[in-house]
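*Asks:* Below: one structure in structure tokens.
The values are calculated or read from the model by the stated rules, or taken from the named source; none is laboratory data. Everything numeric in this text was worked out from a predicted model, so none of it was measured. Glycine also receives a Cβ, built like all others from the backbone with ideal geometry; neighbour counts cover every protein chain displayed. Calculation scope for accessible area: heavy atoms of the full protein, side chains included, ligands and nucleic acids excluded. Shrake-Rupley method; radii C 1.70, N 1.55, O 1.52, S 1.80 Å.
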Amino acid sequence: MKTILITGGAGFIGSHVVRRFVKKYPEYKIINLDKLTYAGNLANLHDIENSPNYEFIRVDIVDAEVIAGIFNKYRFDGIIHLAAESHVDRSISNPMEFILTNIVGTVNLLNAARTIWENNLANKVFYHISTDEVYGSLGETGYFFETSSYDPRSPYSASKASSDHLVRAYFHTYKLPIIISNCSNNYGPYQFPEKLIPLSINNIRNNNTIPIYGKGENIRDWLYVEDHANAIDLLFHKGRVGETYNIGGNNEWKNIDLIRKLCEIMDQKLGRAEGTSAQLITFVKDRAGHDIRYAINAEKIQKELGWNPSLQFEKGIEKTVEWYLANEEWLENVTSGEYQKYYEKQYIKR
Ligand code: NAD
Ligand code: DAU
């Protein structure tokens, strides 16, 4: 039996990865390490929490001593590292949390892996989950390739870029077996409603305005979260050690077009007259340093491992809306308390 560590497993993408691994690999013991910040929620894993091959440990990856102790106890065979502060707007108002978790936390995990694997690196892998934002911002044309130079422009992307560099440095310096993937924007069930799509769904549902930064002309490349989890599964098992892989949806949308599409679907699902939800669209002050366009070239993972996004966006977004409307209790729970204070600071007081 292999023991696999997944960090950040109570978050959005992490919960999909944990669920997939617990169900698909009964021969693995899956250990989920998560601090349970505002973004981590054990309700995301309710359906698998009693599985015999699953264990949750609440821990802050910034605490080097505790991390070393856990690694020493469990002697992990593989690591999939997703724990991070992940929201760009929060990184603009409070960068230090991002430096601590995304950089210091990652180095703590690298050091702990190095210590337990020192004499036996065979069949081990430290798989670091990263973002396309490390490559910066594109103009109207072009794509991010694995060879594109790094040009992060927000405290979030700079902290992720820094962690990528450190992960690569441990490969070159200490021969630590690593893999990195850089993915585009994910969407789907269990995404915290601070991010564009679930925030808009929640606001439309409550008849609140939909805040669009600037003119809504920024472009993102959207991927359904389970397609990302599938890519992570493939790379963890079959990716080449020392390599970086880009993952993307080949699915670029201007924010305003995406939100108009979402409004149409919400009108249908809520039984509202066509055009009702779109009236909630409100243009607000732009995000500082707002990256114009992200677009991923994902040919490497497609050619090497045959990975492709499985879900067409129109289907994926409809499925996502249906999930949020069927899980209003989840939405209510995560948008009470602290969320209200965040929302007010981010959208009402500025
Ligand atoms: P998320 O914010 O939903 O979840 C992050 C998880 O990490 C939470 O469960 C949180 O409790 C946990 N965490 C935060 N700080 C921690 C700490 N100090 N110690 C232990 N746990 C901690 O994030 P997400 O959207 O699921 O993103 C997961 C990973 O994927 C991140 O590394 C992110 O950079 C990367 N990524 C995200 C996207 C996206 O579109 N969401 C795209 C590409 C890459
Ligand atoms: O590209 C991958 C990245 O995608 C991940 O690394 C990040 O963790 C993830 O948060 C996401 O970053 P973005 O900044 O692209 O996602 P967000 O949902 O915050 O914003 C998407 C776009 O919508 C962006 O152009 C900003 C805009 N936006 C966002 C919010 C929250 C708005 O116009 N209004 C909003 O209220």
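*Asks:* For segment 149-211, what does the convex hull of the Cα positions come to per residue, in cubic angstrom?
*Replies:* Taking only Cα atoms, segment 149-211 has a hull volume of 117 Å³ per residue.
*Asks:* Roughly speaking, what is the centre-to-centre gap between segment 18-67 and segment 303-317 when only Cα atoms are used, to the nearest Å?
*Replies:* Centre-to-centre (Cα) distance: 26 Å.
*Asks:* Once the dipole of the chain is set up with Lys and Arg at +1 and Asp and Glu at -1 on Cβ about the Cα centre, which of 56, 347, 230 lies farthest towards its positive end?
*Replies:* 56
*Asks:* So how strong a dipole does segment 181-324 carry about its Cα centre when Lys and Arg Cβ are +1 and Asp and Glu Cβ are -1, to the nearest 20 debye?
*Replies:* Value, rounded to 20: 220 debye.
*Asks:* Got a sec? Charge dipole of the chain, +1 on Cβ for Lys and Arg, -1 for Asp and Glu; which of 102, 324, 66 is way out at the positive end?
*Replies:* Selected residue: 66.
*Asks:* How large is the accessible surface per residue of the chain, computed with a 1.4 Å probe and reported in Å² as a whole number?
*Replies:* Ligands and nucleic acids excluded, the figure is 43 Å² per residue.
*Asks:* Follow-up question, since we're still on this one. Are there DSSP H segments in the chain that both extend 18 Å or more along their axis (alpha-carbon positions) and score a mean Kyte-Doolittle hydropathy of at least -1.0? List them, or say none.
*Replies:* Sorted by number, the helices that extend far enough and score high enough are 12-24, 155-174, 225-238, 255-270, 313-326.
*Asks:* Run the dipole for segment 134-189 about the Cα centre, Lys and Arg Cβ at +1, Asp and Glu Cβ at -1, nothing else charged, and hand back the magnitude in debye, nearest 20.
*Replies:* 220 debye
*Asks:* What lysines does residue 175 reach when the alpha-carbon gap must be under 19 Å and sequence neighbours fewer than 8 apart in one chain are set aside?
*Replies:* 124, 238
*Asks:* Translational diffusion coefficient, Stokes-Einstein: compute it for the chain using the Kirkwood radius over C-alpha pairs as Rh, at 4 °C and 1.567 mPa s, and state it as an integer in µm² s⁻¹.
*Replies:* Calculated translational D: 63 µm²/s.
*Asks:* Which of 313, 248, 277 sits farthest toward the positive end of the charge dipole of segment 246-313, with +1 on the Cβ of Lys and Arg and -1 on the Cβ of Asp and Glu?
*Replies:* 277
*Asks:* Leaving out ligands, DNA and RNA but keeping every protein chain, what accessible area does residue 267 have, in Å² rounded to the nearest 10, with a 1.4 Å probe?
*Replies:* Taking all protein chains as shown, residue 267 has close to 10 Å².
*Asks:* Could you give the dipole magnitude of the chain about its Cα centre, charging the beta-carbon of Lys and Arg +1 and that of Asp and Glu -1, in debye to the nearest 20?
*Replies:* Using only the charged Cβ atoms, the result is roughly 380 debye.
*Asks:* Straight-line reach from residue 261: which lysines have a Cα under 30 Å away, not including same-chain ones fewer than 8 places off?
*Replies:* 195, 215, 269, 285, 315, 319, 341, 345, 349
*Asks:* Name the residue, out of 46, 81, 128, whose mean-square fluctuation peaks in a Gaussian network model built on the chain with Cα pairs under 10 Å.
*Replies:* Looking only at 46, 81, 128, the biggest GNM fluctuation is shown by 46.
*Asks:* Ok, one more. What is the percent carbon and sulfur in the accessible area of segment 255-311, measuring with a 1.4 Å probe over the protein chains and ignoring ligands?
*Replies:* Carbon and sulfur atoms account for 46 percent of the accessible area of segment 255-311.
*Asks:* After finding the eigenvalues of the alpha carbon gyration tensor for segment 139-294, what semi-axes result from the square roots of 5 times each, listed largest first in whole Å?
*Replies:* 35, 18, 13
*Asks:* Here is a further query. Calculate for the chain the 222 nm mean residue ellipticity that helices alone would give, adding -39,500 (n - 2.57) per DSSP H run of length 4 or more and normalising by residue count, nearest 500 deg cm²/dmol.
*Replies:* Roughly -12000 deg cm²/dmol at 222 nm, from the helical runs in the chain.
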